[in-house]
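Taking it in order: structure first as structure tokens, then the write-up.
The values are calculated or read from the model by the stated rules, or taken from the named source; none is laboratory data. Note that this is a predicted model, so its numbers are computed, not measured. Cβ coordinates were reconstructed from backbone atoms using ideal geometry, including for glycine residues, and neighbour counts include every protein chain displayed. Ligands, DNA and RNA are stripped out before the accessible areas are found, and what is left, the full protein with its side chains, is counted by its heavy atoms. Shrake-Rupley method; radii C 1.70, N 1.55, O 1.52, S 1.80 Å.
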Amino acid sequence: MNILAVGCHPDDLEIGCGGTLARYAREGYCVSICIVANGNMGHTVIQPAELRAIRAEETRRAGVLLGAVEVVSLDMNDLEVDAYRAETINKLVDLIRRVQPDVILTHPPEDYMKDHVEVSKLVFDASFSASVPHYLTPTPGTAKITPLYYMDTVAGVNFIPSEYVDISATVETKMQALNCHESQIKWMRDHDGIDFLDFVRTVAKFRGLQCGCTYAEGFRQCKTWPRLSTKRLLPG
Ligand SMILES: [Zn+2]
């Protein structure tokens, strides 16, 4: 299977589904990572242009640790992600046609800030448009309307998973990949007093508690026609 994970900011996929992506990769599936926003606003001291470059490198390193075959950035500025912007939609439609995913993972529609909500809508719309032959992008051909899974919200607030993935064997890889985002982890620790590694591990432990394993990630399937399947598409 080909897996496409579309996250908003550079560290969001590690937070929401890093353990699952590592499992897909270990089990021989082809994992592609797409980041929509470049993370240029995620600091109070480092200026946006420099931060954009730092976070691109952090994202690349994290992607290698997770076992992704590629990390693609749509390079929108933070707080400017817009699900109706044609340029962004076209880039994502083209990526979907190139990757030909069997499953897509992204943010749920009710996540905590606008960029995340926009990405959720962007993925839902682009993954439909990718199936329409007369919607032209550089990559020829179309893709099927792909099954879509929503990953957890930040801190798991207002998110009831319908499926779980046991990440007990990959949780340390998830944490190492998250730790690649040093500009965020260190900044939150030094300026906000938040141990974000512990924050994310706590959510994974809580999701594990719910489904009877040590660590888990929770997902909810997007239940619209024709995205449903008789197959388990998340790692079993
Ligand atoms: Zn984010």
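Here are the numbers:
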| quantity | calculated |
| --- | --- |
| Unmet criterion (only one of (1) surrounded by fewer than 19 Cβ atoms within 10 Å (Cβ to Cβ); (2) assigned to a strand (DSSP E or B)) for Cys34 | (1) |
| Flag if Cys17 is closer than 22 Å to Ala216 by Cα, out of contact with any Cys (no Cβ under 8 Å at 6 or more places or on another chain) and within 16 Å of the ligand (Cβ to nearest atom) | yes |
| Filter result for Leu228 (assigned to a loop (DSSP other than H, G, I, E, B), open to solvent by less than 20 Å² (accessible area, probe 1.4 Å) and in contact (Cβ under 8 Å) with a residue 24 or more places away in the chain) | no |
| Test: Arg207 is within 30 Å of Pro226 (Cα to Cα), assigned to a helix (DSSP H, G or I) and among the charged types (D, E, K, R) | yes |
| Only one of Ala22, Ala53 that is free of Cβ contacts under 8 Å to residues at least 24 places away in the same chain and among the aliphatic types (A, V, I, L, M) | Ala53 |
| Checking Met41 against (1) in contact with a Cys (Cβ under 7 Å, 6 or more places away or on another chain); (2) open to solvent by 60 Å² or more (accessible area, probe 1.4 Å); (3) within 12 Å of the ligand (Cβ to nearest atom), the condition it does not meet | (1) |
| Segment 3-14, residues that are under 13 Å from Leu65 (Cβ atoms), in a helix (DSSP H, G or I) and within 10 Å of the ligand (Cβ to nearest atom) | Leu13 |
| Filter result for Glu163 (away from the ligand (no atom under 16 Å from the Cβ), modelled with pLDDT of 95 or more, charged (D, E, K, R) and open to solvent by 80 Å² or more (accessible area, probe 1.4 Å)) | no |
| Filter result for Glu217 (touching a helix residue (DSSP H, G or I) at 6+ places or on another chain (Cβ under 7 Å), open to solvent by 50 Å² or more (accessible area, probe 1.4 Å) and in contact (Cβ under 8 Å) with a residue 60 or more places away in the chain) | no |
